[in-house]
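Here is the structure we will look at.
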Amino acid sequence: MHRFLLVVWVFTASTTYAQTYRDQVLNRTVFWSEVNLVYKTAGKWSFQLDHQYRRQADDNGRDLNAFRYPLLQVFRPWINYQLSPPVQVSLSPLGLWWNWGRVSPYQPLTFFQEIRITPQLQITKPLGNGQLIHRVRTELRWASRTDTLTRAYIFLSDGESQQVLADRFSLRLRTLARWMKPAFKRDPTDNRWYSQLSIEPMLVVSASGIRFDQQRTYLALGRRIQKHLRLEVGYMNQFTFQRRETDRLHLFRFNHGLHWYVYLESGR
């Protein structure tokens, strides 16, 4: 699978630079967690808050400690409206993102923050004995400068001038296809266990050009504990492509993630 993806990306994104760029492939173990809190009204509106937290190992391919370094933390509210039984539109008016990175073991941990506004369209339809969910998101992003965290970490600040709205805008288009179906089903009325498979390619629109630089594939097993509570654990494969002009390098990265998910719903 990795070889196939690598060949495709080399062909589509690197043909022009094949003679002058060298390729590097990195594998990294990560941990992803997500908690979704949803409040549904008696009408068509619902309100949601999701929190994501991720950690990472060294990306040398040999470190299996996925909790070694911080990777990401997100707080993102949502306003949802059910247009029809299969169609829902949503808006995240202001998401706060903190990102940590580690370029090499010889350099310190880096950090930057982002503000994101995210409109979304989701369509859910039956497929076989399960559901097919198609989701389209547009992320409007404003990122801060990158800091090396050589001093004390200050919450909501990276220690530099906060020019998050000045010449730091980027746009990302994301589409996701997810198939959810019952699992371990002996009784036709038993829907406690379910499995899901999703694929999510991403398109970056920026001043430097338009490119597909990331794709996520997710396989998970979940259980409905109660009517409004479900837990899920799965494997997330995140493939990213970067071109470093200064190093004349094409970097292909595979993040292998243990994903833990909690969904809690209240209201009507």
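The values are calculated or read from the model by the stated rules, or taken from the named source; none is laboratory data. The structure presented is a predicted model; accordingly, all values stated were derived computationally and were not measured. Using ideal geometry, Cβ is built from the backbone for each residue, glycine included, and neighbour counts are taken over all protein chains shown. We work out accessible area using only protein heavy atoms, side chains counted, and drop any ligands, DNA or RNA first. Shrake-Rupley method; radii C 1.70, N 1.55, O 1.52, S 1.80 Å.
Summary table
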read-out: Selection count, the range 147-157, where residues are open to solvent by 70 Å² or more (accessible area, probe 1.4 Å) and either among the hydrophobic types (A, V, I, L, M, F, W, C) or modelled with pLDDT of 75 or more (or both); value: 4
read-out: Matching residues, the range 86-103, being touching a residue at least 12 places away in the same chain (Cβ under 8 Å) and surrounded by fewer than 13 Cβ atoms within 10 Å (Cβ to Cβ); value: Pro93, Leu94
read-out: Per-region count, the range 27-53, residues open to solvent by 30 Å² or more (accessible area, probe 1.4 Å) and under 13 Å from the mean Cα position of the chain (by Cα); value: 4
read-out: Given (1) closer than 30 Å to Thr41 by Cα; (2) out of contact with any His (no Cβ under 6 Å at 6 or more places or on another chain); (3) not hydroxyl-bearing (Ser, Thr, Tyr), index of the condition Ile123 fails; value: (2)
read-out: Pair list, Cβ < 9 Å and 6+ apart or interchain, from the range 22-42 residues that are without any contact (Cβ under 8 Å) to a residue 12 or more places away in the chain and of a type in the set (Phe, Trp, Tyr) to residues that are part of a strand (DSSP E or B) and open to solvent by 50 Å² or more (accessible area, probe 1.4 Å); value: none
